[in-house]
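Student: Structure provided below as structure tokens; questions to follow.
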Amino acid sequence: MDAKTRRYAPIAILLTAALLLPGCANLVQDTGQDPDDGPPATAGASLDDDVIRTAEGTKQLSGTPERIVALEWVYVSNLLTLGIQPVGVADVDGYEKWVEIPRDLDTENVTDVGTRTEPSMEKIAALEPDLIIGPSYRLQDKASQLEKIAPTLLFTSYPSEDGPRAIDRMEDIILQMGDAVDREERALQAVGETHHRFNQVREELHAADLTGHRVTVAAAFTYEGSTVMRLYTNNSVAIQALEQVGLRNAWSDGFAKWGFSTTGLESLATVEDSTFLYIAHEDDDPFAEGGAWADNSAWQNLTFVQEGRVHHLPGDTWLLGGPLSIQRFVQLTADRLMTDA
Amino acid sequence: MPDRDGSRDDRLRATGLSLAGLATLVAVSAVHVGQGAADLTLLDVWQVMVGTAGPLETGLILDLRLPRLAAGVLAGASLAVAGAILQTTTRNRMASPATLAVNSGAYLAIVVVALLWPAAPLPPFAAAFLGGIVAAGLVFGTGIGAGGSPARIVLAGVAVALALTSITSAVLILNDTSTTGLHLWGAGSLVQAGWDRVGSALWPALVFGAAAVAMGGMLDVYELGDTAARSLGQPVRRVRLAAMGVAVLLAAAATAVVGPVAFVGLLVPNLVREAGVRSHRPKLVTSAVWGAVILLAADVAARAVHGPVREMPAGVVTAILGAPVLAYLALRRTRDRGDPRAAVMVGPGAGARPPYRVVVAAIPILVVAAVVGGLTVGVVPVSPIEVGQVLLGAGSRATRFLVLELRASRVAVAAAAGVGLAASGLILQDVLRNPLAAPATLGVAPAAGLAGLGAILLVPGIGTLWIAVAAVAGALASLGVVVAATWSGGLAPERVVLVGISVAAIAAAASKLLVVTADVRVARALVWLAGSTYGADMPAAKLLLLATAILAVAAVPLLRRLDVIGLGDDAAGGLGVDVLRTRAGALILAAGLAGLPVAVVGPIAFVGILAPHAARLLAGPSASRRAPVAIGLGAVLVIVADTVGRGLLAPVQLPVGLVTSLVGAPYFGFLLLRARGGGPG
């Protein structure tokens, strides 16, 4: 009996291994490079009609999709920019709360497909979409299942440290999406308008002698009962956009994967000579009167508070979005700065 | 009564320790105050004190750094005193606010109040206190009290803490605006923006701390034992209740200020006792001082390693440092209470059980019903008839896709996970002779989770298969550690359980560390860490089913041998069974059976405890007879939990691990209640 067991267990383990190993071929996705980077993006548009560059590699698409499901808010705003209403969106309420652009989502006719972390496969399938667009860093394991529902494009807005610039990636994504939905013209137009807007703002700021002005960009909200503050870093789209219009980031914390550092009030002491721009909802503003941090004497004695160089941007200024959100942010920032000058 | 010379020695020792502690506290505080994102030195602090510093420096020191320092001192001292009291009143050196779930209860209450009634007139301390009382009530209300063995109390505490943490996670998931997965405060962070929190908890901490010290004499008497104390005229019950109330209040004060911090309340009183301080008044004072030192030191270490800009919660450091100490304490116990031969759970006799044949026939029917139910429920309604049609090969393309691809993969993975976890729990309970042993509490599941998470972070774009391999390796490693540490004691049940809990704590802390130093790659793991079938697709489901089946089959001959061992080690040896090898082989299989599900769905708790128990009630204590019933029930439990999680709040999905905790915890409490009279272990 004893000898039998001693043979049993190793055999069982060997059998398991033998059966699992062939599965290796199907399941290992190691491409040998950071998948966040994808194939290198080229500046400008090299638009091959049916070949889309995604985080997973290139993809062939045929036909013109009409029923599109977007699983992260940046893709929703990009679709609206291209003139398309998605049929399904992850977290509609969240989108309405945190993202504001000059194109409205048709909330009457769009279906909420669940949270952005775990969108419901069933809801998506029930919509019978012909294209699904989502973030690769969350959904890469679901890619094969999503493909069974509809052709799926997975992008990432967060390139690695030695990858392309975040702002170039942002433009590339909307260009690729334009390709995918046969709205290449609109995509090019959106990108062109963004550059045009940046040029305009740069001139306005130059005229107001604000070129080279140092700013700190933050977002603040309450979570788990505590105040959370994010300071945007040089590798974020927001900061790179501001650099395009001649402003400089005072916050230096190196490379942050998501484009911001989550940090405490004390960090503001290192940037107090800059102008402080923060995004918060009016009912959740820690810096406004009555807010969680407003009474703090450290906050009150920061130079930018003392000298009135604090500006509040609306809570629905979304810094992790596409060209229209970034244009809005840059314009609001410039407007605020020029009231100071 | 300690003799006068003894107590004088005690006091001398305590005084020496306290003074040393105060000196250390001053030194650590000096370093602590100097840490932070802004460039401030001790010279600046001095200038602030004498009033010659600028307004910004004054603000930074007075309103940011000093509150943080005060928070560390207040929380550290309160937790240490609370731990000391709990250890005395439960006569259990492993007791502490964290291991008895007080911290989890306090934190849950704070989160719930903050989310549902943000404008509530309640100070945070009040909510924390209520939560802590409820949690302590749950742990002790199951009747364990001071009579149960240390292992059982700690396990009850771990289980309740798991359940409460799950509820907290559920609440946060449903209100999540941030998808980067940062839960800093939930990990125990000292960061303060002003004096609000410290201010609200200061008076309760001082008052109840003083009360605790005043009770020192009573606790000395109490420590002599219930009978001795009563004979000296002490109202033992009332003293116990009052003392525990004070302990919970202190722990609630600490949690209200810094969130749940583990191990300070465990470590410090034990270290003070090791240093030779016995009587309570000096012990509590010394513990308070050193508690503050330890927590501040953890915060200093965290910021020294991780930098002052991005927050590293001190609670993670205390957990990583404290868990091995828990293991050490577990191993130092020389006395093993209880008869190792006795079967632990007394179930109904053979006459009270349904006939085995009926049970074995009913199980597959239940499983089929659960599967059909799982395939029926979802966002899009599908009737059982349509499910039947699909299974028979008919039905529309859309329905077939829905049922066979989307739902079937999740149901299949749930079933396989249930089988694996139940089988693993069955083996663990049998080998370790402990009804409360399970993959989750023995660290197998958290270690597997940590290994998988590590794999995802180390190798970008790693395939699902290799995550599975890593997870199983993690499970084996953790079980190996547990076995190695208790081998010399013959794998004594109590020690194994306690070491396992330490491993679980280390793994959980390390996972938290990895998540907190957040990275985009972590986003992929967050869903999986919650214990969710969301990531399952058909290839993964098939592999898991196959691998689980293979391991389960390999376990069959072992089960008979385990039955023989149940007669007693010597008897088994006499019958030709190699006890140690059988146990070792069984444990390896148990690790594999638990590691595989974790690889695919992340950690799922309670199944490994509940399914084997329910099987015992239905089929008796024999492992080989129980096995098919246990795995069937395990599959049913996880399938139903997954179904409920998917269907209850659609399209928002609750992870199956959460649902099993929410459902499993009350049943677990019921089990503990029943086991109360049921013998040692």
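The values are calculated or read from the model by the stated rules, or taken from the named source; none is laboratory data. Computed from a predicted structure; not experimentally measured. Every residue, glycine as well, gets a Cβ built from its backbone with ideal geometry; the counts of neighbours run over all protein chains shown.
Student: Taking the range B:506-524 on its own, how many of its residues are in a helix (DSSP H, G or I) and modelled with pLDDT of 70 or more? Show your work before the answer.
Tutor: Quick first cut of the range B:506-524, residues in a helix (DSSP H, G or I) only: B:506-516, B:520-524.
Still in the list and also modelled with pLDDT of 70 or more: B:506-516.
Within the range B:506-524, residues that are in a helix (DSSP H, G or I) and modelled with pLDDT of 70 or more number 11.
Student: Could you list, in sequence order, all residues of the range A:199-222 that are surrounded by fewer than 20 Cβ atoms within 10 Å (Cβ to Cβ), within 24 Å of the chain's Cα centre (by Cα) and not basic (Lys, Arg)?
Tutor: Result: A:199, A:221.
Student: Same structure, new question: If you take the residues in the range A:286-322 that are away from chain B (no Cβ under 14 Å) and free of Cβ contacts under 8 Å to residues at least 40 places away in the same chain, which one is farthest from residue A:169 (Cα to Cα)? Give the steps one after another, and end with the answer.
Tutor: So the first thing to find is which residues in the range A:286-322 are away from chain B (no Cβ under 14 Å), and the list is A:288-289, A:308-314, A:317, A:321-322.
Checking which are free of Cβ contacts under 8 Å to residues at least 40 places away in the same chain leaves us with A:288-289, A:308-313.
Values: A:288: 35, A:289: 38, A:308: 35, A:309: 32, A:310: 30, A:311: 28, A:312: 28, A:313: 25 Å.
My answer is A:289.
Student: Would you mention how many residues in the range B:52-73 are in contact (Cβ under 8 Å) with a residue 40 or more places away in the chain and either at positive phi or of a type in the set (Lys, Arg) (or both)?
Tutor: Adding up the residues that qualify gives 1.
Student: Is it the case, given these coordinates, that residue A:325 is free of Cβ contacts under 8 Å to residues at least 24 places away in the same chain and crowded, with 16+ Cβ neighbours inside 10 Å?
Tutor: Working: free of Cβ contacts under 8 Å to residues at least 24 places away in the same chain: no; crowded, with 16+ Cβ neighbours inside 10 Å: yes.
Taking the combined requirement at face value, the residue does not satisfy it.
Student: Further, regarding this structure: Those residues that are part of a helix (DSSP H, G or I) and either closer than 23 Å to residue A:307 by Cβ or in contact with a strand residue (DSSP E or B) (Cβ under 7 Å, 6 or more places away or on another chain) (or both), I need them from the range B:49-77; list them, please. Before the answer, list the steps.
Tutor: Within the range B:49-77, the first condition is being part of a helix (DSSP H, G or I), and the residues that meet it are B:49-50, B:55-77.
Those that are part of a helix (DSSP H, G or I) and either closer than 23 Å to residue A:307 by Cβ or in contact with a strand residue (DSSP E or B) (Cβ under 7 Å, 6 or more places away or on another chain) (or both): B:55, B:56, B:57, B:58, B:59, B:60, B:61, B:62, B:63, B:64.
Student: Name the helices (runs of 4 or more DSSP H) wholly within the range B:373-442 that hold at least 1 residues that are free of Cβ contacts under 8 Å to residues at least 40 places away in the same chain? Lay out the reasoning, then the answer.
Tutor: Working: elements: B:384-391, B:397-400, B:408-432.
Qualifying helices (runs of 4 or more DSSP H): B:384-391, B:397-400.
Student: Looking at the range B:184-233, which of the residues that are free of Cβ contacts under 8 Å to residues at least 12 places away in the same chain and in contact with a helix residue (DSSP H, G or I) (Cβ under 7 Å, 6 or more places away or on another chain) is nearest to residue B:309 (Cα to Cα)?
Tutor: Filtering first and then ranking leaves B:229.
Student: Then there is this: Let me spell it out: the conditions are (1) buried (at least 20 other Cβ atoms within 10 Å of the Cβ); (2) assigned to a helix (DSSP H, G or I), and residue B:94 meets all of them except one. Which number is the exception?
Tutor: Evaluating residue B:94 over (1) buried (at least 20 other Cβ atoms within 10 Å of the Cβ); (2) assigned to a helix (DSSP H, G or I) leaves (2) as the failure.
Student: Determine if the range B:598-609 includes at least one residue that is at pLDDT 80 or above, over 23 Å from residue A:118 (Cβ atoms) and among the hydrophobic types (A, V, I, L, M, F, W, C). Lay out the reasoning, then the answer.
Tutor: To start, the set of residues in the range B:598-609 that are at pLDDT 80 or above comprises B:598-609.
Narrowing the set further to residues that are over 23 Å from residue A:118 (Cβ atoms) leaves B:608-609.
From the residues that got through so far, the ones that are among the hydrophobic types (A, V, I, L, M, F, W, C) too are B:609.
Yes, the range B:598-609 has at least one match.
Yes/no matrix, rows are residues, columns are (1) hydroxyl-bearing (Ser, Thr, Tyr); (2) within 14 Å of chain A (Cβ to nearest Cβ); (3) over 28 Å from residue B:131 (Cβ atoms); (4) in contact with a Leu (Cβ under 6 Å, 6 or more places away or on another chain):
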position	(1), (2), (3), (4)
B:10	no, no, yes, no
B:15	yes, no, yes, no
B:20	no, no, yes, no
B:27	no, no, yes, no
B:42	no, no, yes, no
B:61	no, yes, yes, no
B:71	no, yes, no, yes
B:85	no, no, no, no
B:92	no, no, no, no
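Student: Okay, next question. Among (1) within 14 Å of another protein chain (Cβ to nearest Cβ); (2) surrounded by fewer than 24 Cβ atoms within 10 Å (Cβ to Cβ), which single condition is residue B:411 missing?
Tutor: So residue B:411 meets the others, but not (2).
Student: Follow-up question, since we're still on this one. Given the structure, is residue B:458 more than 24 Å from residue B:578 (Cα to Cα) and without any contact (Cβ under 8 Å) to a residue 12 or more places away in the chain?
Tutor: Values: more than 24 Å from residue B:578 (Cα to Cα): yes; without any contact (Cβ under 8 Å) to a residue 12 or more places away in the chain: yes.
Answer is yes for this residue.
Student: Run residue B:606 past the list (1) touching a Ser or Thr at 6+ places or on another chain (Cβ under 6 Å); (2) within 12 Å of another protein chain (Cβ to nearest Cβ) and report the number of the one that doesn't hold.
Tutor: Residue B:606 satisfies all of (1) touching a Ser or Thr at 6+ places or on another chain (Cβ under 6 Å); (2) within 12 Å of another protein chain (Cβ to nearest Cβ) except (2).
Student: Further question on the same structure: Considering only the range B:387-399, state which residues are surrounded by fewer than 20 Cβ atoms within 10 Å (Cβ to Cβ), within 42 Å of the chain's Cα centre (by Cα) and more than 11 Å from chain A (Cβ to nearest Cβ). So that I can check it myself, show each step before the final result.
Tutor: Of all residues in the range B:387-399, those surrounded by fewer than 20 Cβ atoms within 10 Å (Cβ to Cβ) come to B:388-389, B:391-394, B:396-399.
Next, only the ones that are within 42 Å of the chain's Cα centre (by Cα) stay: B:388, B:391, B:399.
Of everything in the range B:387-399, those that are surrounded by fewer than 20 Cβ atoms within 10 Å (Cβ to Cβ), within 42 Å of the chain's Cα centre (by Cα) and more than 11 Å from chain A (Cβ to nearest Cβ) turn out to be B:388, B:391.
Student: Could you check the range B:650-671 and list, in sequence order, the residues that are within 14 Å of chain A (Cβ to nearest Cβ) and at pLDDT below 80?
Tutor: Those that are within 14 Å of chain A (Cβ to nearest Cβ) and at pLDDT below 80: B:650, B:651, B:652, B:653.
Student: Here's another thing I want to ask about it. From the list A:238, A:218, which one is more than 14 Å from every other protein chain (Cβ to nearest Cβ), of a type in the set (Gly, Ala, Ser) and either farther than 30 Å from residue B:110 by Cβ or not in a helix (DSSP H, G or I) (or both)? Give the steps one after another, and end with the answer.
Tutor: Working: A:218 fails: more than 14 Å from every other protein chain (Cβ to nearest Cβ).
Exactly one of A:238, A:218 is more than 14 Å from every other protein chain (Cβ to nearest Cβ), of a type in the set (Gly, Ala, Ser) and either farther than 30 Å from residue B:110 by Cβ or not in a helix (DSSP H, G or I) (or both), namely A:238.
Student: Next question, about the same structure. Might you check whether a residue that is under 19 Å from residue B:188 (Cβ atoms), modelled with pLDDT of 90 or more and crowded, with 18+ Cβ neighbours inside 10 Å occurs anywhere in the range B:9-20? If you could, list the steps in order and put the result at the bottom.
Tutor: As a first pass, look at the range B:9-20 and keep what is under 19 Å from residue B:188 (Cβ atoms): none.
No.
Student: Considering the range B:566-580 alone, what residues qualify as being within 13 Å of chain A (Cβ to nearest Cβ) and either of a type in the set (A, V, I, L, M, F, W, C) or surrounded by fewer than 14 Cβ atoms within 10 Å (Cβ to Cβ) (or both)?
Tutor: Answer for the range B:566-580, where residues must be within 13 Å of chain A (Cβ to nearest Cβ) and either of a type in the set (A, V, I, L, M, F, W, C) or surrounded by fewer than 14 Cβ atoms within 10 Å (Cβ to Cβ) (or both): B:572, B:575, B:576, B:577, B:579, B:580.
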